[in-house]
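Asker: Sharing a structure below in structure tokens format, with a few things to ask.
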Amino acid sequence: MPKCLVCKAQYEPFISFGKMPIANAFLTREQFDKEYFFELKAGFCSNCSMVQLVEQPSREMMFHENYAFFSSTSKFMALHFKEFSEAVIRSHLKSKNPFVIEIGSNDGIMLENFLKSGIRHLGIEPSGNVANIAVSKGISTITEFFDESLAKKIVKKYGQADAILAANVTCHIPYIHSVAAGVKALLKTGGVFIFEDPYLGDIIEKTSYDQIYDEHVFYFSVASVSYLFEQYGMEVVDVEPQDVHGGSMRYTIANKGAKEISMAVFKQREKEKKLGLHLAGTFDAFRKNVENSRNQLIQLLRNIKKQKKRVVGYAATSKSATVTNFCGITPDLVEFISDTTPIKQGKFSPGAHIQVLPYKEFTDNYPEYALLFAWNHREEIMAKEQNFIKSDGRWIVYVPSVHLFPLPKVGEV
Ligand code: DWN
Ligand code: SAH
Ligand code: ZN
């Protein structure tokens with residue numbers, strides 16, 4: 001039995017998706033026979049409530065100088081991080097000459113706001129290509145993995161921080177104790193660690209199983225995050241649900257007793273109990289929902305194929321690696337995936353080997369159906385794809401349930 005990465009208790013995995021590739025390893029045809037696979041399984045530790053992957057590829061295999069995810073591809077996310085930064089400046093940067101650190105700063109989507117406000121900042125981003133984009137914008141960035149030893153080096157060179165920020169990265173780091181110890185060392189006594197990640201409650205409620213892929217080693221709840229930081233003399237002082245990435249939670253962590261604990265923390269913990277996030281049975285029910293979702297999606301795609309209509313994937317997201325490989329979505333069901341990221345274009349999706357083509361291929365010749373792999377950016381995408389709907393196009397969406405949008409005509413599929 002595997003051991004919990006947080007509390008070392010043994011736990012049983014509750015779901016296996018089978019062999020999975022690295023979600024951001026888009027490849028050329030020549031690389032097909034050398035592709036790396038690992039077993040994607042997740043488990044729930046009933047001792048500390050942490051949901052986690054049993055196995056994960058090494059960090060260097062996932063995050064390197066050819067990392068395929070560039071944060072600034074979404075305009076909505078840029079706005080989200082602008083608002084995030086403004087909230088941090090308003091509430092937590094009141095000292096003279098404050099210092100902000102961001103872990104997993106990618107292409108600088110968050111820190112550019114601090115740069116513009118003239119605030120001392122430092123990004124920590126191990127993927128060289130995206131880090132270079134941030135540097136070219138004038139954002140101070142170190143190309144390294146964050147852990148306790150790096151934190152101590154930063155303290156020596158730059159001093160402690162008023163705020164440490166992290167979005168969609170804390171849940172990526174299996175050596176989470178080193179992260180917590182590093183944060184503790186790097187923060188001023190009255191400082192805050194504010195991070196957000198996809199929220200376990202949303203994943204369970206929406207059956208958004210595609211959040212489960214190699215990079216996401218943890219699926220946090222307020223209960224599991226509290227358990228972790230308590231071991232470092234810290235506590236969760238605030239939580240704020242976010243709409244982004246299909247439902248996220250922003251956690252504010254501070255040294256014990258340094259800040260007042262907001263009512264939102266207690267309320268969210270009550271909600272988690274009602275949702276059963278502390279019970280193994282919840283995850284068994286989730287697995288059944290995942291299996292139903294897969295059956296419905298594959299059936300729908302097969303019906304569409306029988307009618308000889310075209311389906312194109314919209315956005316070659318990391319999450320889509322789980323959906324395509326777990327459901328068995330092959331190039332005969334989905335013609336290609338349209339994506340705006342230049343380094344993904346012309347390559348093939350991991351495992352399923354569906355070709356990724358520039359966005360123009362989608363708009364130049366609309367298919368009858370578009371499979372919305374970036375369902376988390378639905379609002380942004382619907383706003384710009386009115387012409388697809390006008391041309392009678394239908395979206396295939398699978399979160400929170402498999403459905404077509406706009407609704408099909410009677411007898412259509
Ligand atoms: O946690 C993570 C989140 C923040 O980002 C990382 N581990 C990796 C990544 O996950 P993802 O790839 O599932 O992220 P997104 O933001 O759901 O998808 C991004 C992809 O979608 C990019 O390849 C760009 C593409 N896209 C597009 O083609 N047209 C995105 C939008 C909004 C669009 O309109
Ligand atoms: N914060 C951005 C990027 C999220 S993608 C956003 O929300 O859009 C995750 C990022 O974390 C990647 O750029 C990856 O290179 C980085 N990362 C992975 N492990 C890390 C670690 N140990 N320390 C710092 N960054 C890390
Ligand atoms: Zn545990």
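The values are calculated or read from the model by the stated rules, or taken from the named source; none is laboratory data. Please read these numbers as outputs of a predicted model, since none were measured by experiment. Here the Cβ is made from the backbone with ideal geometry for all residues, glycine too, and neighbour counts use every protein chain on show. To get the accessible areas, we keep the full protein, side chains included, count just its heavy atoms, and leave off ligands, DNA and RNA. Shrake-Rupley method; radii C 1.70, N 1.55, O 1.52, S 1.80 Å.
Asker: Of all residues in the range 17-34 being hydrophobic (A, V, I, L, M, F, W, C) and more than 16 Å from ligand 2 (Cβ to nearest atom), which is surrounded by the fewest Cβ atoms within 10 Å (Cβ to Cβ)?
Answerer: Phe32
Asker: Mind telling me which of the residues Met61, Met1, Met20 ends up being without any contact (Cβ under 8 Å) to a residue 60 or more places away in the chain and within 16 Å of ligand 1 (Cβ to nearest atom)?
Answerer: One residue alone meets the criteria, Met61.
Asker: State which residue pairs qualify: first residue more than 17 Å from Gly201 (Cβ to Cβ) and inside the range 228-253, second residue open to solvent by less than 20 Å² (accessible area, probe 1.4 Å) and hydroxyl-bearing (Ser, Thr, Tyr) in any location, beta carbons under 7 Å apart, and separation of 6 or more residues or different chains.
Answerer: Qualifying pairs under 7 Å: Glu235/Ser226; Val237/Thr252.
Asker: Among residues belonging to the range 364-377 that are away from ligand 1 (no atom under 11 Å from the Cβ) and not in a strand (DSSP E or B), point out the one that is least open to solvent (accessible area, probe 1.4 Å).
Answerer: Step by step, filter the range 364-377, then rank; the result is Pro367.
Asker: Being open to solvent by less than 60 Å² (accessible area, probe 1.4 Å), more than 16 Å from ligand 1 (Cβ to nearest atom), modelled with pLDDT of 95 or more and not basic (Lys, Arg): is that true of Val402 here?
Answerer: yes
Asker: Would you confirm whether or not the range 283-299 contains a residue that is part of a loop (DSSP other than H, G, I, E, B) and either on the phi > 0 side of the Ramachandran plot or of a type in the set (A, V, I, L, M) (or both)?
Answerer: no
Asker: Now, a different point. So which of Ala134, Ala167 is farther than 21 Å from Lys94 by Cβ, within 21 Å of the chain's Cα centre (by Cα) and free of Cβ contacts under 8 Å to residues at least 60 places away in the same chain?
Answerer: Ala134
Asker: A further question on this structure: Among Ala254, Ala258, which is the only one that is in contact with a strand residue (DSSP E or B) (Cβ under 9 Å, 6 or more places away or on another chain), under 21 Å from Ala223 (Cα atoms), assigned to a loop (DSSP other than H, G, I, E, B) and open to solvent by less than 80 Å² (accessible area, probe 1.4 Å)?
Answerer: Working: Ala254 fails: assigned to a loop (DSSP other than H, G, I, E, B).
Checking each option against the conditions leaves just Ala258.
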